[in-house]
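A quick write-up on the structure given underneath.
The values are calculated or read from the model by the stated rules, or taken from the named source; none is laboratory data. Since the model is a prediction, treat every value here as computed from it, not as a measurement. Glycine gets a Cβ as well: all are built from the backbone with ideal geometry, and neighbour counts include every protein chain shown.
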């Protein structure tokens, strides 16, 4: 076998292998990664990521999901004035909790949060905000629900 025949044979084998891989790739992608195939057309930030979901704390038929956000922010115009601006650093503390029912039927959820800012110098601008909410669903029948929410 001369060198030109050897090159032709290797080229034919490489082309056959590439064609086989190209034809089978879509099938492999869907079989090996069904979750990705099911989420096509969904924005990456909206996709489900169960490996990153909060574990929660079980309390009877409810799951508790506590959260705490802490931060430090530099504000170069605390009072929002055009002239004579005053700068300061404030510390943010924002705890919250979500309580979700784990009933086989019906649903009951509660949420609560606080949002606090504590300024280093301009303590007159410190603030404390809070909120609570509740919602629920009563399944009257297979096709009928009563929904309510407060907050």
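Numbers below:
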read-out: Residue check for residue 58: over 27 Å from residue 126 (Cα atoms) and assigned to a strand (DSSP E or B); value: yes
read-out: Any hit, the range 81-90, residues being surrounded by 13 or more Cβ atoms within 10 Å (Cβ to Cβ), out of contact with any strand residue (DSSP E or B) (no Cβ under 7 Å at 6 or more places or on another chain) and at pLDDT below 95; value: yes
read-out: Selected residue (only one of 16, 8, 96, 24 is at pLDDT 65 or above and surrounded by 10 or more Cβ atoms within 10 Å (Cβ to Cβ)); value: 96
read-out: Filter pass, residue 114 being without any contact (Cβ under 8 Å) to a residue 40 or more places away in the chain, in a loop (DSSP other than H, G, I, E, B) and in the same structural domain as residue 143 (by TED's automatic domain parsing); value: no
read-out: Checking residue 78 against (1) over 30 Å from residue 134 (Cβ atoms); (2) without any contact (Cβ under 8 Å) to a residue 40 or more places away in the chain; (3) in contact with a strand residue (DSSP E or B) (Cβ under 6 Å, 6 or more places away or on another chain); (4) surrounded by 12 or more Cβ atoms within 10 Å (Cβ to Cβ), the condition it does not meet; value: (2)
